[in-house]
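The values are calculated or read from the model by the stated rules, or taken from the named source; none is laboratory data. These numbers were taken from a predicted model, which means no experiment stands behind them. FYI the Cβ positions are ideal-geometry reconstructions off the backbone, even for glycines, and counts take in every protein chain you see. Side chains included, ligands, DNA and RNA excluded: accessible areas come from the protein's heavy atoms. Shrake-Rupley method; radii C 1.70, N 1.55, O 1.52, S 1.80 Å.
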Amino acid sequence: MSNPTLPQDFFLGAAFSGPQTEGRWAEDGKLENLWDTWSIENIDDFYNKVGSYVGNDFMTMYEGDLKLYKETLGLDSVRTSIQWSRFLDENGEINPAGAEWYHRLFAAAKAAGIEMFVNLYHFDMPTYLFRRGGWENREVVDAYENYARKAFAEFGQEVRCWFTFNEPTVEPEQRYQEGNWWPFIKNFNRARTVQYNISIAHAKGVQVFREAQSAGLMLPDARIGLINAFMPPYTKENPSEADLEAVRMIDGINNRWWLDLVTKGQLPQDVVETLAERGCVLPIRPGDDEILARGTVDWLGCNYYQPTRVQAPSRDVDEAGCPVFADKYVWPDAVMNESRGWEVYPKGIYDFGMTAARDYPDLEWFVSENGMGIEGEYKNRDEAGQIQDDYRIDFVRQHLTWIAKAIEDGAHCVGYHYWGAIDNWSWNNAFKNRYGFIEVDLMEGYQRVPKKSAAWLHEVATTHVIS
């Protein structure tokens, strides 16, 4: 039986972000962002006390990294983010040194034969804006609009593929609802306010992109999209009506909210109504419907790591008085990545593709992140010192195989980006879990060393045969 194949025009690349890679956190006029501030305030919150300061030293090593992406891994595109805190100053004006760095990066990518996808926001708000209320303050939404407008005008002739936000579900959840990120807020209603205002900011970003297109500032084939972490929802076999209601709301808040916004220019009304019934009224202003209507995109990035498995909640509210819409359901057959505590379920990306084909048939999308983080990976070195990561090969092979089947069955999926192809700093987990096909050796000046999986990926990326 022959190996599955991906279409020849299907692109394979990698994803990373500015705050997790660049380093040089306080040079050339860069302002503090939230990760820098947390690192300053309590470095003990970070694994091995490795804060935001160095990333994986990409600003020093970017030319060599681009060569690794192209020659060692065989990739044709990579996605990173502009750091708002590096590009603009406190007055919302362009920081010349920050702009110059991104011009150098985009030119180097072009010279290396790599197409650069650029995202505008990756959980890294400038701290001075957070102290003015962050995403809870509509003035900060306006500041984002200004940032987006300046970015499109500055780099519009260098970058074709643009994205407004990465994973707009995550910051509301981690920073405002679960209290896992500084400053550790636990308030469901504030989290939804943040989610709503990010939705407004996204739509404003799309609008200024369209204006920049009309003004001739963008490349002729430039595109705008959104990237979100989509977690296809599942519940137990033979579910009750309450179990299905849990699926409806969790799917509605995390998935349909964004799918409806980027395809229909509106939020799912059933979700908005249920939130209001439970005491969570969104900060809707007159004219917001018209703003949201401009949020439809050219294509969508789907980050996929794990499914969501839920069941009916055992209580209506938690200890903080926040509404509870679902409890976690532990599927007895789940295969787990113990390092992350995440379920490995490759078929989930197929199910997402089939849902998109059915409910959003005109939506073009790509897998914008997918990856496997492993703790203590250095223990898997062979005698020559190379990390033997057959588990990563198997993980990516399974996901690509399901993607190929989804395309065959009608999914409009056009590409795949692996998260963290070169090991990078990962928020307060720092370098605890390694994702890369290329190791970053922290004890040897951040030296890059290919793992076993690198050669396998090169073969797949250059042949489109999933071996």
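The table for this structure:
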quantity: Failed criterion for ASP270 (all others in (1) open to solvent by less than 60 Å² (accessible area, probe 1.4 Å); (2) in a helix (DSSP H, G or I); (3) free of Cβ contacts under 8 Å to residues at least 40 places away in the same chain; (4) closer than 27 Å to TYR144 by Cα hold); calculated: (4)
quantity: Complete set of residues in the stretch 159-184 that are assigned to a loop (DSSP other than H, G, I, E, B) and under 15 Å from ILE224 (Cβ atoms); calculated: VAL159, ARG160, PRO168
quantity: So ASP89, is it without any contact (Cβ under 8 Å) to a residue 12 or more places away in the chain and among the acidic types (Asp, Glu); calculated: no
quantity: Qualifying residue in the stretch 352-363 (condition: part of a helix (DSSP H, G or I), touching a Leu at 6+ places or on another chain (Cβ under 7 Å) and buried (at least 18 other Cβ atoms within 10 Å of the Cβ)); calculated: yes
quantity: In the stretch 211-235, residue nearest to GLU154 (Cα to Cα) [restricted to those that are touching a helix residue (DSSP H, G or I) at 6+ places or on another chain (Cβ under 8 Å) and hydroxyl-bearing (Ser, Thr, Tyr)]; calculated: TYR234
quantity: Pairs where the first residue, in the stretch 202-220, is part of a helix (DSSP H, G or I) and the second is open to solvent by 50 Å² or more (accessible area, probe 1.4 Å), C-beta under 6 Å, 6+ apart; calculated: ALA203/ARG294; VAL206/ARG294; GLN207/ARG294; VAL208/ARG149
quantity: Filtered residues of the stretch 66-81 (kept if touching a Phe, Trp or Tyr at 6+ places or on another chain (Cβ under 6 Å) and under 27 Å from TYR147 (Cβ atoms)); calculated: SER77, VAL78, ARG79, THR80
quantity: Selection status of LEU217, under 20 Å from ALA356 (Cα atoms), open to solvent by 10 Å² or more (accessible area, probe 1.4 Å), more than 20 Å from the chain's Cα centre (by Cα) and aliphatic (A, V, I, L, M); calculated: no
quantity: Residues located in the stretch 116-135, provided they are surrounded by fewer than 18 Cβ atoms within 10 Å (Cβ to Cβ), at negative phi and of a type outside the set (Phe, Trp, Tyr); calculated: ARG131, ARG132
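Condition check ((1) of a type outside the set (D, E, K, R); (2) under 22 Å from the mean Cα position of the chain (by Cα); (3) surrounded by fewer than 15 Cβ atoms within 10 Å (Cβ to Cβ); (4) at positive phi) across all residues:
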{"residue": "LYS379", "(1), (2), (3), (4)": "no, no, yes, no"}
{"residue": "GLN386", "(1), (2), (3), (4)": "yes, no, no, no"}
{"residue": "PHE437", "(1), (2), (3), (4)": "yes, yes, no, no"}
{"residue": "GLU444", "(1), (2), (3), (4)": "no, no, yes, no"}
{"residue": "HIS458", "(1), (2), (3), (4)": "yes, no, no, no"}
